[in-house]
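Remarks on the structure that follows.
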Amino acid sequence: MDEAGHSRRANADDEIIERGVLLAQITGTPVAVVTADTGMRLRAETAGLNALRLPKSYGKDQQ
């Protein structure tokens, strides 16, 4: 979904939030970020996105 000339951000979290904001603007519908990372959730909410907490049972340490 990258527009022509788009350069990805060095920080993946910032890139995800930026793309979510763009998607919300393009579609006119709410976009949610689902993450176990509190910092990511707070940044998403600050950017105007819905942010949902991923249950710990889905964490990367689970196998």
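Please treat every number below as a calculation from the coordinates, not as lab data. Being a predicted model, the structure only gives us computed values, none of them experimental. Cβ atoms come from the backbone with ideal geometry, glycine included; neighbour counts cover every protein chain shown.
The table that follows gives values for the structure above.
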| read-out | value |
| --- | --- |
| Residue list for region 9-22, filter: assigned to a helix (DSSP H, G or I) and either surrounded by 14 or more Cβ atoms within 10 Å (Cβ to Cβ) or of a type in the set (D, E, K, R) (or both) | ASP13, ASP14, GLU15, ILE16, ILE17, GLU18, ARG19, GLY20, VAL21, LEU22 |
| Subset of region 26-56 (residues that are surrounded by 11 or more Cβ atoms within 10 Å (Cβ to Cβ) and of a type in the set (S, T, N, Q)) | THR35, ASN50 |
